[in-house]
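Worksheet for the structure shown next.
The values are calculated or read from the model by the stated rules, or taken from the named source; none is laboratory data. A quick note: this is a predicted structure, and the numbers were derived from the prediction, not measured. Neighbour counts run over all protein chains shown; Cβ positions are idealised from the backbone, glycine included. What goes into the accessible areas is simple: the full protein's heavy atoms, side chains included, and nothing from ligands, DNA or RNA. Shrake-Rupley method; radii C 1.70, N 1.55, O 1.52, S 1.80 Å.
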Amino acid sequence: MSRLPIIEPAHAQAPAADLLTAVQKALGVTPNMTKVMANSPAVLKGYLEFSGALAGGRLPAKVREAIALTVAQENACDYCLSAHTHIATSLAGLTPEEAAAARRAESADTRTRAALALAAALLRTRGEVADTDLKAAHEAGLDDAEVAEVIANVALNVFTNYFNKAAAVDIDWPEVSHLS
C-alpha cells in the first residue's frame, strides 16, 4: 500500500488536477506514480517537464526505455521495471528479449549497448565515471549531446526509482520483479 496518498484526478485541486489531466491526455492513463507525485504539484510538474524535455532530445524512445530498464533493475525498483517493461514493449518497439537484455545493460545494437554501459558505469560509480567510460561511449558513436542525455536519463530514472520505492507506490502495470 502506498505510503503517500494516491490523489485521484477527480478529487485533485488545481494545479495538481491540471497536471493529472495532462498526463491522462498524453498517456491515455494516469499512472499511480503521477497520482502520488500530485501530493506536491511541484514534484509532478518537475517530473513531467524533465521527462518531456528528454523526450525531445536526441536519444530515441527505444534507448531511453532501455536506460530506464537498466536503472530500475540496478535500483531494484519493481514499479519502474513494471512500467518501463510495458512501455518499452508496447510503445517504444523493444522486443521482450531486448527489454530483458536492457535490464542487464546489454543490447545487440552497438550504440544502445554503449549508452547502457555508460548508464551502468554512472550507477556503479555514482556519477564519477572514468575517462575510459566516456571514451568508449564516444568510440561507439555517441556524440556529446547523446552522452549528456544518457546522464540526464539516468538521473531522471534514479529520481523515479527512489520516489516509487520510498513512497511504496502501488504497481498498476503488469508486474515485473527485479528478482525475475
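Assorted remarks:
- Of everything in segment 53-82 that is under 12 Å from the mean Cα position of the chain (by Cα) and without any contact (Cβ under 8 Å) to a residue 40 or more places away in the chain, the residue that is surrounded by the most Cβ atoms within 10 Å (Cβ to Cβ) is Leu69.
- Scanning segment 131-143 finds no residues that are surrounded by 15 or more Cβ atoms within 10 Å (Cβ to Cβ), within 30 Å of Leu44 (Cβ to Cβ) and not acidic (Asp, Glu).
- Taken over segment 160-174, the criterion of being part of a loop (DSSP other than H, G, I, E, B), closer than 22 Å to Glu49 by Cα and of a type in the set (Phe, Trp, Tyr) is satisfied by no residue.
- Segment 92-118, residues that are among the charged types (D, E, K, R) and either open to solvent by less than 20 Å² (accessible area, probe 1.4 Å) or outside any helix (DSSP H, G or I) (or both): Arg104, Glu106, Asp109
- Of the residues screened, Ala121 is not one that is in contact with a Lys or Arg (Cβ under 9 Å, 6 or more places away or on another chain), crowded, with 17+ Cβ neighbours inside 10 Å, over 24 Å from Ala167 (Cβ atoms) and not β-branched (Val, Ile, Thr).
- Within segment 33-52, the residues that satisfy the criterion of being open to solvent by less than 30 Å² (accessible area, probe 1.4 Å) and in contact (Cβ under 8 Å) with a residue 60 or more places away in the chain are Met33, Val36, Met37.
- Residue check for Thr89: without any contact (Cβ under 8 Å) to a residue 60 or more places away in the chain, open to solvent by less than 10 Å² (accessible area, probe 1.4 Å) and either of a type outside the set (A, V, I, L, M) or part of a loop (DSSP other than H, G, I, E, B) (or both): no
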